[in-house]
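This report concerns only the one structure given below.
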Amino acid sequence: MSYWPWWIGAIALSAVSLFYFLLIGRLLGVSGSWAKVVFWREQSKIESENKKFTDDSPEEINNTLLAETLAEFGEDAVAELQGMDTDTDSQPVSKTKETSWISHLVFLVSMFIGSLVYSLATGHFNLRYDLSAVHSQIFGSTTEVWLALFFGGAMVGFGTQMAGGCTSGHGLSGCARLLPASLLSTGLFVGSAVSISLLMKAFIS
Amino acid sequence: MKEHFKYAIVGLVFGAVITGIGFGDYDELFKMFTLVDARLWLTFAFSVILTMIILFLLRKRIPRQDKLIQPGTLPGSMLFGFGWAICGACPAIVFVHLGQGSVAAISTIAGIVFGVWLQRKLHAKLFRWDTGTCGV
């Protein structure tokens, strides 16, 4: 199969990174989307709580806070608070904007559709029950391949959440900002992938 | 709805681009990781350099997103690297496997879901340090 030359791929990948930033307003990162989708129940609850909070007027929030202060610390504390001359009285309550977990799900599913459409259009589509010839040579029968993929996937899911990022979050967005954590993480995951692949190559040759 | 649409557009383009580059082809990835072929290395390295230039130009508009060196950076990154070599997928590439027709990617997706779920559960009980943010 023929793929794009490296320089076209590099331009396209960085263009996606820019496109994501311009459209979404955040830096590209996929492992965060996974966490939001897997914990969609908790995420829905947080989103509805946030919505309730932002729907309330500043006066209502202020009254609630004063009532809680009264209950917890007494009238003196309330009088002290009301007597304080601060500029914050006139500032609007900050409204947190959390991206819905459904948007993250849409993002993940769209990657599948984008790949499917491209594969069908260019003849890359190949319906199969394993991953590739080399992968099957390493792991064996279809059942073993599926098991390897499950455990490999579990390591990817666990590892990216533990490290706080993946190839896009740490590798692309983080390394491009020269963040020490991303440089370290990318060096580690690439080094680990290379070492285990060299071992697998030695195993099949 | 507008937000969903934005994510859909970026997702479609991202999926097509990864497929076109060949990151979703395990054989290509294996050639990269066994240091046989430099094409994917060059693609990744130069996309980081180009993104670096773009982000430098846009630096005043970039929101703060913490990436911390924390106790999970070393074991988490290594675990991810091992998993990536075994299943040929990072959290984005798995959808490319599926899009290219590999039904076996369903098993990888199930594994990632399990891994994410297990890490969050264990982390909440045992570790509780800040792992930083990732594009959310």
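The values are calculated or read from the model by the stated rules, or taken from the named source; none is laboratory data. Just so we're clear, the structure is a prediction, and the values are computed from it rather than from any experiment. Please note: Cβ atoms are built from the backbone with ideal geometry, for glycine as well, and neighbour counts cover all protein chains shown. Calculation scope for accessible area: heavy atoms of the full protein, side chains included, ligands and nucleic acids excluded. Shrake-Rupley method; radii C 1.70, N 1.55, O 1.52, S 1.80 Å.
Shielding of A:137-144 by partners, i.e. mean partner chain Cβ atoms within 10 Å per residue?
Across A:137-144, the average partner-chain Cβ count within 10 Å equals 1.
The C-alpha atoms of chain A define a longest principal axis, and helix A:142-163 lies at about 40 degrees to it. Going through the cross-link list B:2/B:121; A:45/B:125; A:201/B:67; B:2/B:67; A:45/B:67; A:51/B:121, which pairs have a Cα-Cα distance over 22 Å in this structure? Table pairs above 22 Å Cα-Cα are B:2/B:121; A:201/B:67; B:2/B:67; A:45/B:67; A:51/B:121. Axis angle, to the nearest 10 degrees, between helix A:40-55 and the longest C-alpha principal axis of chain A: 30 degrees.
Helix screen, chain B: DSSP H segments with Cα axial length of 15 Å or more and mean Kyte-Doolittle hydropathy at least 0.5 are B:2-21, B:39-57, B:73-87, B:105-122.
Between chain B and chain A, the total buried accessible area stands at approximately 10100 Å², from heavy atoms with a 1.4 Å probe. In this calculation the C-beta distance from residue A:68 to residue B:56 is compared with R0 = 56 Å, giving a FRET efficiency of 0.75. Amide H contacts for residue A:128 (H built 1.01 Å from N in the peptide plane; partners 5 or more residues away or on another chain; cut-off under 5 Å): B:102, B:103.
What number, rounded to the nearest 500 deg cm²/dmol, is the helix-based mean residue ellipticity at 222 nm of chain A, given -39500 (n - 2.57) per DSSP H run of at least four residues and division by all its residues? Mind dumping the intermediate values first?
Working: 9 runs with 144 residues, N = 205.
Counting only the DSSP helices, I get -23500 deg cm²/dmol.
Taking 0.36 nm per residue of separation and subtracting the Cα-Cα distance, full extension of the segment from residue B:74 to residue B:124 would add 16.1 nm. Seen against the Cα atoms of chain A and their longest principal axis, helix A:180-204 is set at about 30 degrees.
Taking a point 7 Å from the Cα of residue A:122 along the Cα-to-Cβ direction, the residues of the range A:1-44 with backbone N closer than 20 Å to it are A:1-20.
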